[in-house]
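A.B. asks: Below you'll find the structure I mean.
The values are calculated or read from the model by the stated rules, or taken from the named source; none is laboratory data. For clarity, every value in this text was computed on a predicted model and none was experimentally measured. Cβ atoms come from the backbone with ideal geometry, glycine included; neighbour counts cover every protein chain shown.
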């Protein structure tokens, strides 16, 4: 009887460990969501003064990941990038999943979750947030449609096979099983049209959120014209970094283009990261130059306050300097490039927290923090365990959707694009 190879045994152990960690995260996170449904916002650490916290920051973070992944797919389906052609379907899948995660998080943040549909049935056309919800809805429908057309030809091939792939394909094809040249050309045209429509939407979301922050005149920390651009470049950096990690760790290693794809993705992320650093330097250095004013005081708290490590350790060291060092020294090692992308993607949450929270911790009236006393009337905020549990659940759910997607859908079919031309 043949013994299992050490490599297979190691792979089984790794899968078992990851499965156990995911199950723990899911259960712990589900308990937090249950507490949210039972007790509302009572266990959250934000209050009447600091009204936005971890969930709003995470919503901005995940929506940025979605926009970044989608814009990467637009390089393929709209602008015809041949080097990244094979990962277009994966980019669309990641964009769909991270958008679902973002919308679920902002749904948890609503005071009355059950009234979310009011924005459709009782619209206020002068509300910028209402317009954002409608645009998100259109963007989500567009993503699903584009993913369908990207997968259709591969699903049509699956429909001719035996087993579960045939069942999945026939459920999702809606009768369109043709592999004729005209059918495949129609898919390509639809992808180009939908991608072209999606580009301004994907730019508008992070840019629009940045504009929403930047136009709040009463909050000096947010009131800057740089925010729309910073949110957009942040989306491109974090979304591209997430895609770099996803391809490096999950793409079939037997693909002869595997290394080249990861290298190209990492180069794109590296260049956008450098540009984002220039913008961030401008954002920080100008208010800090004169050393006076409310914005300077808040930046002092970000850089040297109790949570200095969020900026210097998570963002600057782990999210910037270490990845840059890896990009420059490990160009021929795809897994290391994936580590760099993963570090940027994960630690970019610190950037979103350092935007949302500091803008709310400064009293708009001097002495207001001492005028009234209540546990919810404070200008300090640290996310509670309950808030982190809900985010953990959303992350576990997102990973489960990604695993199901890559398993049940042909998003990583090597050579699929070439087959579609035959």
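A.B. asks: For the stretch 114-127, how many residues meet the condition of being part of a helix (DSSP H, G or I) and touching a helix residue (DSSP H, G or I) at 6+ places or on another chain (Cβ under 6 Å)?
C.D. replies: Residues in the stretch 114-127 being part of a helix (DSSP H, G or I) and touching a helix residue (DSSP H, G or I) at 6+ places or on another chain (Cβ under 6 Å): 1 in total.
A.B. asks: Hey, can you tell me all the residues within the stretch 88-107 that are out of contact with any helix residue (DSSP H, G or I) (no Cβ under 6 Å at 6 or more places or on another chain) and either closer than 21 Å to residue 251 by Cβ or crowded, with 24+ Cβ neighbours inside 10 Å (or both)?
C.D. replies: 90
A.B. asks: In addition: State which residue is nearest to the chain's Cα centre (by Cα) when the search covers only the stretch 360-390 and only residues that are crowded, with 18+ Cβ neighbours inside 10 Å and part of a helix (DSSP H, G or I).
C.D. replies: 390
A.B. asks: Consider residue 228 carefully, then state whether it is surrounded by fewer than 24 Cβ atoms within 10 Å (Cβ to Cβ) and touching a residue at least 40 places away in the same chain (Cβ under 8 Å).
C.D. replies: Working: surrounded by fewer than 24 Cβ atoms within 10 Å (Cβ to Cβ): yes; touching a residue at least 40 places away in the same chain (Cβ under 8 Å): no.
Criteria not met by residue 228.
A.B. asks: Would it be correct to say that residue 203 is part of a helix (DSSP H, G or I), at pLDDT 90 or above and either exposed (fewer than 15 other Cβ atoms within 10 Å of the Cβ) or in contact with a helix residue (DSSP H, G or I) (Cβ under 9 Å, 6 or more places away or on another chain) (or both)? Before the answer, list the steps.
C.D. replies: Numbers: part of a helix (DSSP H, G or I): yes; at pLDDT 90 or above: no; either exposed (fewer than 15 other Cβ atoms within 10 Å of the Cβ) or in contact with a helix residue (DSSP H, G or I) (Cβ under 9 Å, 6 or more places away or on another chain) (or both): yes.
For residue 203, the condition - part of a helix (DSSP H, G or I), at pLDDT 90 or above and either exposed (fewer than 15 other Cβ atoms within 10 Å of the Cβ) or in contact with a helix residue (DSSP H, G or I) (Cβ under 9 Å, 6 or more places away or on another chain) (or both) - is not met.
A.B. asks: Continuing with this model, one more query. If we scan the stretch 346-359, do we find a residue that is under 22 Å from the mean Cα position of the chain (by Cα), touching a residue at least 60 places away in the same chain (Cβ under 8 Å) and over 30 Å from residue 223 (Cβ atoms)?
C.D. replies: Scanning the stretch 346-359, I find no residue that is under 22 Å from the mean Cα position of the chain (by Cα), touching a residue at least 60 places away in the same chain (Cβ under 8 Å) and over 30 Å from residue 223 (Cβ atoms), so the answer is no.
A.B. asks: Quick test for you: out of 30, 67, pick the one residue that is closer than 30 Å to residue 85 by Cα, modelled with pLDDT of 85 or more and assigned to a helix (DSSP H, G or I).
C.D. replies: Answer to the selection: 67.
Okay, residues lined up against (1) at pLDDT below 85; (2) within 19 Å of residue 242 (Cα to Cα); (3) touching a helix residue (DSSP H, G or I) at 6+ places or on another chain (Cβ under 7 Å):
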site	(1), (2), (3)
341	no, yes, yes
344	no, yes, yes
349	no, yes, yes
358	no, no, yes
363	yes, no, yes
372	yes, no, no
379	yes, no, yes
394	no, yes, yes
399	no, yes, yes
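A.B. asks: Looking at (1) in contact with a helix residue (DSSP H, G or I) (Cβ under 9 Å, 6 or more places away or on another chain); (2) in contact (Cβ under 8 Å) with a residue 60 or more places away in the chain, which is the only condition residue 130 fails?
C.D. replies: It is condition (2) that residue 130 fails.
A.B. asks: Something else now. In the stretch 401-418, which residue that is outside any loop (DSSP other than H, G, I, E, B) and out of contact with any helix residue (DSSP H, G or I) (no Cβ under 7 Å at 6 or more places or on another chain) is modelled with the lowest pLDDT?
C.D. replies: Per the criteria, the residue is 418.
A.B. asks: In addition: For residue 213, state whether it is farther than 23 Å from residue 410 by Cβ, at pLDDT 95 or above, in contact with a helix residue (DSSP H, G or I) (Cβ under 6 Å, 6 or more places away or on another chain) and in a helix (DSSP H, G or I).
C.D. replies: Taking the combined requirement at face value, the residue does not satisfy it.
A.B. asks: Among the numbered criteria (1) surrounded by fewer than 20 Cβ atoms within 10 Å (Cβ to Cβ); (2) in contact with a helix residue (DSSP H, G or I) (Cβ under 7 Å, 6 or more places away or on another chain); (3) in contact (Cβ under 8 Å) with a residue 24 or more places away in the chain, which one does residue 150 miss?
C.D. replies: Of everything listed in (1) surrounded by fewer than 20 Cβ atoms within 10 Å (Cβ to Cβ); (2) in contact with a helix residue (DSSP H, G or I) (Cβ under 7 Å, 6 or more places away or on another chain); (3) in contact (Cβ under 8 Å) with a residue 24 or more places away in the chain, residue 150 misses just condition (1).
A.B. asks: If you scan the stretch 257-293, which residues turn out to be farther than 18 Å from residue 89 by Cα and not in a helix (DSSP H, G or I)?
C.D. replies: Within the stretch 257-293, 291, 292, 293 meet the criteria.
A.B. asks: Among the residues of the stretch 38-64, what is the count of those that are assigned to a helix (DSSP H, G or I) and touching a residue at least 40 places away in the same chain (Cβ under 8 Å)?
C.D. replies: Number of matching residues: 11.
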